[in-house]
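Right, one structure below, let's go through it.
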Amino acid sequence: MKKFLQEFKEFAMRGNVMDLAVGVIIGGAFGTITTSLINDILMPVIGIFVSEASFADLSVTAGSAVIAYGNFIQAIINFLIMAFVVFCLVKTVNRLTRKKEEAPPPPPPAEPSHEEKLLTEIRDLLKEQKK
C-alpha cells in the first residue's frame, strides 16, 4: 500500500498533472465569466429583437410537456462564444510560440582585419607568379 501511495504522489506532483489542474480551475472560472457575459449582457440585447427577456424564456407547451427550446438556443450561443474565445487564445499562443521558435538570423561574418586582407593579397600575388 505504501508503494501505491508513493507512486500516486509522484504521479500527482508531475508538472503535467499540476498544469492540467490549473487549467481546469481557470477554465471553470472562465466559463462562469462567459456565462455571465452571455446571460447578463448579450442575451438581454438579443432579447429585444425576439420580444423576450432571454432565450431561456422561449418554450412551447405540448400537453403536459414543456419544450424549452430557448435553453437549447442559449446553450448553442454559449458554445459558439466559448469556441470563438478558445480559438482566439490558441491562435495567439501559437503566434507567440512561433516567434520564439524562429531563431534570429546569424550575424554577418566579421570583416577581415587589415592584416588578413594584406596576407590574402600577398597569397594571390604569389599564386599568380607561380603560373
*asked:* Give the residue list of GluC sites (Glu not before Pro) in segment 82-131 that are DSSP loop and have at most 15 other beta-carbon atoms within 10 angstrom.
replied: Glu102
*asked:* Under the rule a/c < 1.5 gives rounded, and otherwise a/b versus b/c splits prolate from oblate, where does segment 1-46 land using the Cα gyration tensor?
replied: prolate
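Convex hull over the Cα atoms of the chain, averaged projected area in nm²?
24.3
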*For Phe72, Phe49, give the ranking by accessible area with the largest first, probe 1.4 Å.*
Phe49, Phe72
_Just to be sure I understand: with springs between alpha-carbon atoms less than 10 Å apart, which residue in Asp19, Asp40, Asp57 has the highest mean-square fluctuation in the Gaussian network model of the chain?_
Asp19
*asked:* Let's test the formula: R0 of 41 Å, r as the Cβ-Cβ distance of Gln6 and Asn94. What FRET efficiency results, to the nearest 0.05?
replied: 0.60
*To the nearest 10 square angstrom, how much accessible area does Phe79 have with a 1.4 angstrom probe?*
130
*Taking the chain as a Gaussian network, where each spring joins two C-alpha atoms under 10 Å apart, which residue of Ala21, Ala110, Ala75 fluctuates the most?*
Ala110
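How high is the FRET efficiency from Ala21 to Ser59, r the C-beta distance, R0 41 Å, rounded to 0.05?
On the way: r = 39 Å, r/R0 = 0.94.
That gives a FRET efficiency of 0.60.
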*asked:* Considering only protein heavy atoms and a probe of 1.4 Å, how much of the accessible area of the chain is carbon and sulfur, as a whole percent?
replied: 68
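The values are calculated or read from the model by the stated rules, or taken from the named source; none is laboratory data. Because the structure is a prediction, the values reported are computed rather than measured. Positions of Cβ are generated from backbone atoms using ideal geometry, with glycine treated the same way; all protein chains shown enter the neighbour counts. When the accessible area is computed, the model is the full protein with side chains, heavy atoms only, and any ligands, DNA or RNA have been set aside. Shrake-Rupley method; radii C 1.70, N 1.55, O 1.52, S 1.80 Å.
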